[in-house]
There are 2 protein chains.
Amino acid sequence: MVNKGSKKTKQAINREILESRILRSAEIIFAEKGFSGASMERIAERANISKQNLIYYFANKDLLYKRVLQETLGAWIDKLQLLELSEADPETSIRHYVKAKMQLSRDYPYGSKVFAHEIIGGAPVLRPYLVSDLKPQFERDIKVVNSWINKGFINKIDPAYFFFMIWATTQSYADFSTQMEILMGQSQLQEESYSRAERAVTELILHALGASKK
Amino acid sequence: MVNKGSKKTKQAINREILESRILRSAEIIFAEKGFSGASMERIAERANISKQNLIYYFANKDLLYKRVLQETLGAWIDKLQLLELSEADPETSIRHYVKAKMQLSRDYPYGSKVFAHEIIGGAPVLRPYLVSDLKPQFERDIKVVNSWINKGFINKIDPAYFFFMIWATTQSYADFSTQMEILMGQSQLQEESYSRAERAVTELILHALGASKK
DNA sequence: TTATATTTTTACCAGTTGGTAAACAAAACA
DNA sequence: TGTTTTGTTTACCAACTGGTAAAAATATAA
């Protein structure tokens with residue numbers, strides 16, 4: 001009882017910490033094994049608690065999975081809505097957009113992988129969110145790019161293909177990192193290598209659109 | 001006994017037909033549910049045989065999974081080795097390369113998805129093949145692209161990023177078809193829509209490289 | 001301190017699943 | 001035709017897994 005104010009009790013704080021520790025563990029296990037391959041036992045193990053204790057915080061696996069997906073999608077939408085494509089300046093807009101997407105791949109590699117598994121599997125859980133959240137945003141962005149085309153700022157190509165290319169390219173740095181590491185002979189994509197990739201991808205995309213000033 | 005020659009018995013023929021029917025079923029189920037989520041029961045069901053009968057043809061699930069991956073990777077390598085990037089003519093080479101990759105996405109969407117699940121999950125099974133088969137091919141192709149750069153035919157960018165972009169973009173038409181269908185409001189990517197995508201992707205990539213003659 | 005709410009542990013189970021063993025059926029061979 | 005090889009079905013099970021029930025422990029409030 002009580003505690004109507006804003007002060008958080010020790011319990012509430014610990015709860016938050018533990019919940020986010022669980023979510024991070026779940027993210028990694030789901031990314032590695034997919035929904036079915038991830039066991040509650042292993043997720044709990046990774047979070048250093050018992051399986052039953054995990055179930056105390058997240059009543060069932062579906063719920064935990066949804067939370068992981070929501071957190072990822074939330075982070076993406078937050079970051080990408082901020083930058084609002086500007087009608088006036090394609091190059092700057094695209095630079096920011098690509099940079100933000102690349103940073104998301106770097107900062108949330110596991111969430112990205114869980115998302116990828118989900119979509120590849122037909123989006124059984126995420127479909128409603130894609131329709132209600134992503135689609136409207138997508139349609140707004142399409143309009144902006146169309147205005148660029150009409151003003152002759154960039155090449156004349158259906159904007160949908162343009163976005164698909166950006167998404168695929170940037171997300172592949174999270175989703176297919178394993179393949180990249182094997183091919184480039186690195187144990188992991190280091191910080192420096194990541195910013196080099198960011199620059200390369202940005203230039204490739206600017207050229208693809210014909211938005212580069214050079 | 002006997003049958004040292006090349007004539008195939010009815011049994012052998014039926015066996016081949018049934019095995020490929022099983023592999024097609026397995027491909028679809030693995031694509032949809034991932035390795036762990038795919039049950040032998042459901043794969044058998046889809047192939048219209050009993051689970052035990054399935055096990056008669058493929059002794060265990062790991063073996064079946066490996067076969068599905070091998071068939072896909074085999075088809076890819078077959079198609080892509082054929083086209084051998086030509087040192088002389090970047091534009092034609094790239095057009096063929098992109099076209100081949102897009103056709104693979106269209107013709108083997110399920111295999112592509114199984115492959116994606118596998119890589120995203122850390123390539124536990126495919127890693128050796130990536131090292132022994134894909135990496136050497138990759139390194140040969142890198143050299144060709146480098147020669148283009150040195151001759152000033154295309155923009156100066158690390159070829160690795162270039163290939164990652166092509167792969168990500170083309171494969172996304174198989175792997176993320178669900179997302180694309182939701183965003184473009186289509187029940188499936190139709191034939192016509194696919195060839196439009198092929199043209200768009202080709203132009204985007206040619207521009208990205210600065211290999212377009214226009 | 002005592003009562004209450006929260007958290008953790010212990011014990012357990014029903015459903016699913018990959019796989020084995022063996023009986024049974026059908027085709028190919030001699 | 002009888003025999004052997006190949007293919008299919010039936011019966012079954014051990015291991016794993018998500019989840020329930022409830023007891024035990026710990027922290028918070030009065």
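The values are calculated or read from the model by the stated rules, or taken from the named source; none is laboratory data. No experiment lies behind these values; they were computed from the predicted model shown. Here the Cβ is made from the backbone with ideal geometry for all residues, glycine too, and neighbour counts use every protein chain on show. Accessible surface is based on the protein model in full, side chains and every heavy atom, while ligands, DNA and RNA are left aside. Shrake-Rupley method; radii C 1.70, N 1.55, O 1.52, S 1.80 Å.
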>> List the residue pairs whose Cβ atoms are under 8 Å apart, where the first residue sits in the stretch B:153-179 and is free of Cβ contacts under 8 Å to residues at least 40 places away in the same chain, the second is not in a helix (DSSP H, G or I), and the two are 6 or more positions apart or on different chains.
In response: B:PHE164/A:PHE176; B:ALA168/A:PHE176; B:THR178/A:GLY122; B:THR178/A:ALA123; B:GLN179/A:ALA123
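I'd like to verify a number: residues in the stretch B:50-107 that are more than 25 Å from B:SER195 (Cβ to Cβ) and not small (Gly, Ala, Ser), how many?
Of the residues in that region, 22 qualify.
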>> Looking at the stretch B:26-76 only, could you name the residues that are within 16 Å of DNA strand D (Cβ to nearest atom) and polar (S, T, N, Q)?
In response: B:SER36, B:SER39, B:ASN48, B:SER50, B:GLN52, B:ASN53, B:ASN60
> For the stretch B:184-197, what are the residues that are facing chain A (nearest Cβ under 10 Å) and open to solvent by 10 Å² or more (accessible area, probe 1.4 Å)?
Replying inline: B:MET184, B:GLY185, B:ARG196
>> Being touching a residue at least 60 places away in the same chain (Cβ under 8 Å) and of a type in the set (A, V, I, L, M) is the filter here; which residues of the stretch B:14-46 pass it?
In response: B:ILE28, B:ALA31
>> Kindly evaluate B:GLU203 against the criterion of being closer than 19 Å to B:SER93 by Cβ, facing chain A (nearest Cβ under 10 Å) and loosely packed, with under 15 Cβ neighbours inside 10 Å.
In response: no
> Which of (1) surrounded by 18 or more Cβ atoms within 10 Å (Cβ to Cβ); (2) within 11 Å of chain B (Cβ to nearest Cβ); (3) among the β-branched types (Val, Ile, Thr) does A:VAL98 not meet, given it meets every other one?
Replying inline: (2)
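Residue by residue, here is whether (1) under 25 Å from B:SER39 (Cβ atoms); (2) modelled with pLDDT of 95 or more holds:
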| position | (1), (2) |
| --- | --- |
| A:LYS8 | no, no |
| A:GLN11 | no, no |
| A:GLY37 | yes, yes |
| A:ARG46 | no, yes |
| A:ASN53 | no, yes |
| A:THR72 | no, no |
> Of everything in the stretch A:142-179 that's more than 11 Å from chain B (Cβ to nearest Cβ) and of a type in the set (A, V, I, L, M, F, W, C), which residue is most open to solvent (accessible area, probe 1.4 Å)?
Replying inline: A:PHE153
>> Restricting to the stretch A:123-141, give me the number of residues that are assigned to a helix (DSSP H, G or I), at the interface with chain B (Cβ under 9 Å from one of its Cβ atoms) and crowded, with 17+ Cβ neighbours inside 10 Å.
In response: 3
